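Undergrad: Have a look at this one before I ask anything.
The values are calculated or read from the model by the stated rules, or taken from the named source; none is laboratory data. Computed from a predicted model, the values in this text were never measured in an experiment. Using ideal geometry, Cβ is built from the backbone for each residue, glycine included, and neighbour counts are taken over all protein chains shown.
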Amino acid sequence: MIHQYDEPVYLISIVAKILDIHPQTLRQYERENLICPSRSNGRIRLYSQRDIDKIKMILRLTRELGVNLAGVDIILRLKDNVDAMESEVAELRHELSKVENTHSVSPDKALVTKKSVYEMIIFEE
């Protein structure tokens, strides 16, 4: 059975076995707010593939690069910010290409907007 990337399906014992770490390490990462696994109705931690990939990144930062957990937290936050900015840039590029292809800009995004034209009648006495 194939699961979605964000679907929480793995128990803590399975994730610990997959990553060859102690379940207490996963609990510590959760206490440090580095990961936030879903919970079942019975409060059992359930991890998604996205969670597992994030844990792999944490392990690489701590084991291979010697980063402490406070540093990992900063790195993960910066990565989230960069990802959000890259997404925004891609969206803006898409909008720009649409505008360039249509050679017009919607009135709410135009730098110069048309003013309403009123006829003015001046009465002279």
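Undergrad: If you check Lys98, Lys79, which single one turns out to be out of contact with any Lys or Arg (no Cβ under 8 Å at 6 or more places or on another chain), more than 23 Å from Tyr29 (Cα to Cα) and either of a type in the set (Lys, Arg) or at pLDDT 95 or above (or both)?
TA: Matching residue, one of Lys98, Lys79: Lys98.
Undergrad: Follow-up question, since we're still on this one. Quick one: in the stretch 24-40, which of the residues that are in a loop (DSSP other than H, G, I, E, B) and not charged (D, E, K, R) is farthest from the chain's Cα centre (by Cα)?
TA: Ser40
Undergrad: Checking the structure you have, find out if any residue of the stretch 55-70 is under 20 Å from the mean Cα position of the chain (by Cα), among the β-branched types (Val, Ile, Thr) and surrounded by 10 or more Cβ atoms within 10 Å (Cβ to Cβ).
TA: Checked the stretch 55-70: at least one residue is under 20 Å from the mean Cα position of the chain (by Cα), among the β-branched types (Val, Ile, Thr) and surrounded by 10 or more Cβ atoms within 10 Å (Cβ to Cβ).
Undergrad: Separate question: Six or more apart or on different chains, Cβ under 9 Å: which pairs go from a residue in the stretch 1-29 that's loosely packed, with under 13 Cβ neighbours inside 10 Å to one that's modelled with pLDDT of 95 or more and small (Gly, Ala, Ser)? Could you list them?
TA: His3/Ser48; Gln4/Ser48; Tyr5/Ser48; Asp6/Ser48; His22/Ala16; Gln24/Ala16
Undergrad: Considering only residues that are outside any strand (DSSP E or B) and either in contact (Cβ under 8 Å) with a residue 24 or more places away in the chain or surrounded by 12 or more Cβ atoms within 10 Å (Cβ to Cβ) (or both), which ones fall in the stretch 41-54?
TA: So the first thing to find is which residues in the stretch 41-54 are outside any strand (DSSP E or B), and the list is 41-44, 48-54.
Passing the criteria: Ile44, Ser48, Gln49, Arg50, Asp51, Ile52, Lys54.
Undergrad: Follow-up question, since we're still on this one. Just the residues that are of a type outside the set (Gly, Ala, Ser) and either surrounded by fewer than 13 Cβ atoms within 10 Å (Cβ to Cβ) or free of Cβ contacts under 8 Å to residues at least 24 places away in the same chain (or both), please, taken from the stretch 30-40.
TA: First, the residues of the stretch 30-40 that are of a type outside the set (Gly, Ala, Ser): 30-37, 39.
Those that are of a type outside the set (Gly, Ala, Ser) and either surrounded by fewer than 13 Cβ atoms within 10 Å (Cβ to Cβ) or free of Cβ contacts under 8 Å to residues at least 24 places away in the same chain (or both): Glu30, Arg31, Asn33, Ile35, Cys36, Arg39.
Undergrad: Here is a further query. From (1) out of contact with any Pro (no Cβ under 7 Å at 6 or more places or on another chain); (2) part of a helix (DSSP H, G or I), pick out the condition that doesn't hold for Ile21.
TA: With (1) out of contact with any Pro (no Cβ under 7 Å at 6 or more places or on another chain); (2) part of a helix (DSSP H, G or I) applied to Ile21, the lone miss is (2).
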